[in-house]
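Below you'll find the structure, written out as structure tokens, and then a few comments.
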Amino acid sequence: MAIIFPTVGLDNFTNPTAGDYLGDAPVLHSTQHANLNDAVEAIEAKIGIDYSNVTNTLDYISKVLLMTSLQHQDGAFREHSYVLGNPPIISSIIWYTSAAKTIKLVEKGFTYGSIRVLPTTCTLKLYDGTISNVLKRTITDTIVYDRVFEISRTRIVV
């Protein structure tokens, strides 16, 4: 049986019993190993590596989407900077692990064109979550507008 996770459904493997031999067809030993290896690889692909740039992995979703929501899921501290130093136009947002601001998690920066309300570039920098503040991934979106409507967005992941 080939695995069907994660595209079709969950796998349902046949477990061997004490009375089964290694060569028994329903629970053929080599097939069991092959299916298990394929299943582990499918799980790894779905989870993703640390700071994955594959947008449908759990790692990408948790590191990028959740860490840049209004509140970090671990209760981190968030600091805003504003264009010309005054609200309401945000120039950057930095998420730290705490109010001590020693360990960065995410830094989100905006650049603006002639209309200072609409950002033309949005850059996300993902850090390793340690005191070293090692930059792990940079995601840059370039945005084009037709008046106030976004008409295209180009993403570069480094």
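All of the numbers you see were taken from the coordinates with simple rules; none came from a lab. None of the values given here were measured: they were computed from a predicted structure. FYI the Cβ positions are ideal-geometry reconstructions off the backbone, even for glycines, and counts take in every protein chain you see.
Results, tabulated for the structure shown:
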read-out: Residue-wise HN-Hα coupling along the range 28-42, computed from phi with Karplus coefficients 6.51, -1.76, 1.60 (Hz; x: Gly, Pro); value: 3, 3, 5, 5, 4, 5, 4, 5, 5, 4, 5, 5, 5, 4, 5
read-out: Mean projected area in nm² (Cα convex hull; one quarter of hull surface) for the range 1-47; value: 3.3
read-out: Amide H contacts of Ile103 (H built 1.01 Å from N, under 5 Å, at least 5 apart or other chain); value: Thr97, Ser98
read-out: Estimated vicinal HN-Hα couplings, Hz - the range 114-120 in sequence order (Karplus 6.51, -1.76, 1.60; Gly, Pro = x); value: 5, 9, 6, 8, 10, x, 8
read-out: For Tyr112, residues with placed amide H under 5 Å, excluding near neighbours; value: Thr120
read-out: Residue-by-residue Karplus 3J(HN,Hα) for the range 6-17, coefficients 6.51, -1.76, 1.60, Hz, glycine and proline x; value: x, 7, 9, x, 8, 6, 10, 7, 8, 7, x, 10
read-out: Cut-off under 5 Å, modelled amide H: who pairs with Ser91 long-range; value: Ser81, Tyr82, Val83
read-out: Dipole magnitude of the range 58-157 about its Cα centre (Cβ charges: Lys, Arg +1; Asp, Glu -1), debye to nearest 20; value: 100
read-out: Expected 222 nm ellipticity per residue - DSSP helices of 4 or more, -39500 (n - 2.57), all of the chain, to 500; value: -4000 deg cm²/dmol
read-out: Farthest toward positive dipole pole in the chain [+1 Lys/Arg, -1 Asp/Glu at C-beta], among Val158, Ala45, Asn15; value: Val158
read-out: Debye log10 I(q)/I(0) at q = 0.20, 0.21 Å⁻¹ for the chain, Cα point scatterers; value: -1.24, -1.31
read-out: Alpha carbon centroid spacing (whole Å) that separates the range 5-47 from the range 101-158; value: 42
read-out: Length-normalised contact order of the chain in % [C-alpha pairs under 8 Å, at least 6 apart]; value: 11
